[in-house]
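In what follows, a structure is listed as structure tokens, so that the remarks can point back to it.
The values are calculated or read from the model by the stated rules, or taken from the named source; none is laboratory data. No experiment lies behind these values; they were computed from the predicted model shown. All Cβ positions, even for glycine, are placed from backbone atoms using ideal geometry, and neighbour counts span all protein chains on display.
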Amino acid sequence: MNLHYALDKPLLEALALDHGEELWYCIPVDLDFDNKSKKACTAYTSGTWLAVTPLRLVILSDTKVSATFYLKDCKKIKCEHQVNSGILTITDWQDNQICAARFSMRHIIRVAYVARGAQAMIDALKTTGDASSAEHVTSHEYERYCEKCGRAMPGTSKCPYCEGKSDIFVKFSKLCGEYIGRLLLISILMVVAAVINLVTPMVQRSFIDNALASGNGTWAELWRFIFLYFGLFLLGLLTTCYRYWLCVKLGADLSMSMRRKLYYKIQTLSLSFINKRKPGELMNRVSGDTSQIRRFIEEIFGEMVAVMLTMVVALVMMLIISWKMTLMASVFIVVVFIIARSFWHRIRIIYHKQWLKADDLSSSLQDILSGMRVVKSFGKEQRETERFTRKAKDFAMINKRNETFWAIFYPILTFLLGIGTYIAVYFGGLDVLDGKMTVGQLVQFMTYSGYLFGPLSWMTYLPRAIMQMVTSLNRIYDVLDEEPSIINKENSKEFTIDGAFTFENVSFGYQTYEPVLENINLTVKPGEMIGLVGASGTGKSTLINLIMRLYDVDQGRITIDGVDIRDIRTECLHSQIGVVLQETFLFSGSILANIRFAKQDATLAEVIQAAKAANAHDFICKTPDGYNTYVGEHGYNLSGGERQRIAIARAILGNPRLLILDEATSALDTESEFLIQQALERLVKGRTTFAIAHRLSTLRGADRLVVIDKHTIAEVGTHNELLEKKGIYYGLVTAQLKMAEKIPPRH
């Protein structure tokens, strides 16, 4: 996302940068304080802008400075989300708050990034005395609107209205780069097939004029012609079959390669990217879009070179035979080209919309299948069927509209091309009757005109196939070109983690304008168990996500054993973390495979030992196939307590240095909870552990409890210390005890 737009000359003059003053951020804002739209801003026109330098924050409006705020006078700069709009607020050192700018939701993410960058400058100015020492904030997020035309870009980082043909060619070339040898061989075979087709009319003309029309032909000449014609036909057939086989093989290999690249890329991308997309959308890109590219290679690319070469040579031969007849026949080619060219852009857009509907349909199906247990439990099969049917109808409607367009458009173009052929036949027949042309020449001309107009008719279908391929290609490269937000530095470190954690002024938000955690400061000793306590939505699970580095902090830093978590190789970090979540996820497969997920090379004895430590061995032995028992989709063949114990066995087998427990004992019966608590006590020994639990009694064994309230740490201490303070934790414990007293015993 662009955070540094180019200003035109009048605005730069109004900004009047001092000598050495550098413009760090410059973005448009589009609302006044009555929520009325201001003049639209682009990179080339005057409008209303927010500009930030290490010295000041400036609001520019209509080539004039409307407000200036010096960073040394600012305490906090914040982007705040309001109803369908946002505001940029500035708080000075006397805690006076000023609304500096207002903007629509179109710009809120951009403004939030700039506000974060400006705040980093203020913090750097306070600590080092130099605002320019702050880290330069950048954004890896998509532009939501095209900067050229202003249209929304849903589900893609490239505007389908503005992308150039050269970009598409570069993408396709990059995709096929490793198969260049096979592409060249296919192209050579296309040329051979085209040459065979073009030689055939010459043989026909020679036979007709020299043997049939003259009346001097012999049986020997007839058989010679038949053998020559059959030889050309057989050679063309073998060449075409081999070319088709190569195209099918290339299409299959290319689609497999694309799927592998897409799957690997999705695995390397952060959760923030995955969570912004529907599961069906990503599934469609891995399966549907790659299949579309494969079909293009097999059905279209294998013909393109041969068709174009045949057309060019056929046109030249037609001109040699009769340039007048060729011009008559070619008039409608220009008409067809103009019509097709005028619809090119529309075709591209309608197929982009069709793929968006396909994504929505796939996501809906994936949701229903994944949640089938819930659907059936609530008896909502009919409602979900109706919901899916509506989405299927939407897709069918746009698909039908697109196909109807082609069902009308394609025959019209074919008919227009056919008119040229009929005109040529008429005037050619007159020339034969007048003796100006031989029958063989007319047959040769008609054959070449078929070679010209046949491919032209095929090429009227080409825009449809190309646009389907281009849409799929763009969607594939939307993923492949995505920059991971979690990356390993060149000098990233690998070491055995001891488990000392430090949180230094950590702030983070899933949306840049909505902070979830602010100014978190905490030190954790190796082997210490930390219980995270607080109401729902205060940021406990978010803190866990930051510890696992599923997201990077927006401000501040987290260190492990004195090393910034961003300097540790992610594979090294994750290999030393064990996780037991509230909603245990088991893969479709055996119990053995699910436990082994943490350590693929573990022996059966090691798996059994881990299962025993997790109190899972006994119930596993009672299942029909023991450790080879199939657990079903998401492990639904097992009870909640059984799934949880398998998850604990998986964590034990990995022998982690750090342990994450997120509501590991919630919603379980007393017996299951007792067994799991026993297993967890064995698991946490000697390991730095972060545990979340709403049932506060399960955290009494923690070394310290951290109470999170209003997005920051409110209290830290042991269970007894926090009770003595009679603060937030005391209130939570008291509320739970009162709730337990109100629940009558069941008889």
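Scanning region 580-594 for residues that are within 15 Å of Leu683 (Cα to Cα) and crowded, with 21+ Cβ neighbours inside 10 Å returns a single hit, Val580. Checking each residue in region 257-294 for being among the charged types (D, E, K, R) and crowded, with 16+ Cβ neighbours inside 10 Å picks out Arg259, Lys261, Lys265, Arg277, Lys278, Glu281, Arg285, Asp289, Arg294.
Taking the conditions (1) at pLDDT 80 or above; (2) crowded, with 20+ Cβ neighbours inside 10 Å; (3) under 32 Å from the mean Cα position of the chain (by Cα) in turn, Lys493 satisfies each one other than (2). Total residues in region 570-625 satisfying the condition of being in a helix (DSSP H, G or I), free of Cβ contacts under 8 Å to residues at least 60 places away in the same chain and either within 12 Å of Arg645 (Cα to Cα) or of a type in the set (Lys, Arg) (or both): the figure is 12. Return yes when Gly531 is in a loop (DSSP other than H, G, I, E, B) and either free of Cβ contacts under 8 Å to residues at least 40 places away in the same chain or surrounded by 15 or more Cβ atoms within 10 Å (Cβ to Cβ) (or both) and no when it is not. So Gly531 fails the test. Pairs meeting the criteria (first residue in region 634-649 and under 14 Å from Asp618 (Cβ atoms) and free of Cβ contacts under 8 Å to residues at least 60 places away in the same chain, second residue part of a helix (DSSP H, G or I) and not acidic (Asp, Glu), beta carbons under 6 Å, at least 6 apart or on different chains) are Gly641/Ser672; Glu642/Phe619; Ala649/Ile595; Ala649/Ala610; Ala649/Ala611.
Okay, residues lined up against (1) among the acidic types (Asp, Glu); (2) touching a helix residue (DSSP H, G or I) at 6+ places or on another chain (Cβ under 9 Å); (3) at pLDDT below 70; (4) closer than 28 Å to Tyr410 by Cα:
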{"residue": "Phe343", "(1), (2), (3), (4)": "no, yes, no, yes"}
{"residue": "Arg348", "(1), (2), (3), (4)": "no, yes, yes, yes"}
{"residue": "Gln382", "(1), (2), (3), (4)": "no, no, no, no"}
{"residue": "Phe388", "(1), (2), (3), (4)": "no, yes, no, no"}
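Is there a residue being more than 31 Å from the chain's Cα centre (by Cα) and free of Cβ contacts under 8 Å to residues at least 24 places away in the same chain anywhere in region 102-119? No, region 102-119 contains no residue that is more than 31 Å from the chain's Cα centre (by Cα) and free of Cβ contacts under 8 Å to residues at least 24 places away in the same chain.
Just the residues that are touching a Lys or Arg at 6+ places or on another chain (Cβ under 9 Å) and loosely packed, with under 15 Cβ neighbours inside 10 Å, please, taken from region 496-522. Answer for region 496-522, where residues must be touching a Lys or Arg at 6+ places or on another chain (Cβ under 9 Å) and loosely packed, with under 15 Cβ neighbours inside 10 Å: Thr496, Asp498, Asn505. Of all residues in region 502-530 being of a type in the set (D, E, K, R) and under 14 Å from Thr542 (Cβ atoms), which is farthest from the chain's Cα centre (by Cα)? Result: Glu518. State yes or no: is Ile620 within 22 Å of Asp703 (Cα to Cα), surrounded by 20 or more Cβ atoms within 10 Å (Cβ to Cβ) and among the hydrophobic types (A, V, I, L, M, F, W, C)? So Ile620 fails the test.
Here Gly440, Gly454 are screened, and the one residue that is part of a helix (DSSP H, G or I) and free of Cβ contacts under 8 Å to residues at least 40 places away in the same chain is Gly454. Assessment of region 92-104 against the conditions (more than 17 Å from Arg116 (Cβ to Cβ) and at pLDDT below 85) yields at least one matching residue.
Does Met317 satisfy being farther than 13 Å from Val479 by Cβ, at pLDDT 75 or above and touching a Pro at 6+ places or on another chain (Cβ under 9 Å)? Criteria met by Met317. Restricting region 457-488 to residues that are assigned to a loop (DSSP other than H, G, I, E, B) and not polar (S, T, N, Q), the residue that is nearest to Arg549 (Cα to Cα) is Ile486.
Entry remark, region 397-431: residues being more than 18 Å from Ile338 (Cβ to Cβ) and of a type in the set (Val, Ile, Thr) number 5 in total. Among the residues making up region 534-569, those that are small (Gly, Ala, Ser) and part of a loop (DSSP other than H, G, I, E, B) are Gly534, Ala535, Ser536, Gly537, Gly539, Gly562. Among the residues making up region 549-569, a single one is without any contact (Cβ under 8 Å) to a residue 60 or more places away in the chain and basic (Lys, Arg): Arg557. For region 205-242, the candidate set comprises residues that are exposed (fewer than 13 other Cβ atoms within 10 Å of the Cβ) and part of a loop (DSSP other than H, G, I, E, B); within that set, the residue that is modelled with the lowest pLDDT is Ser214.
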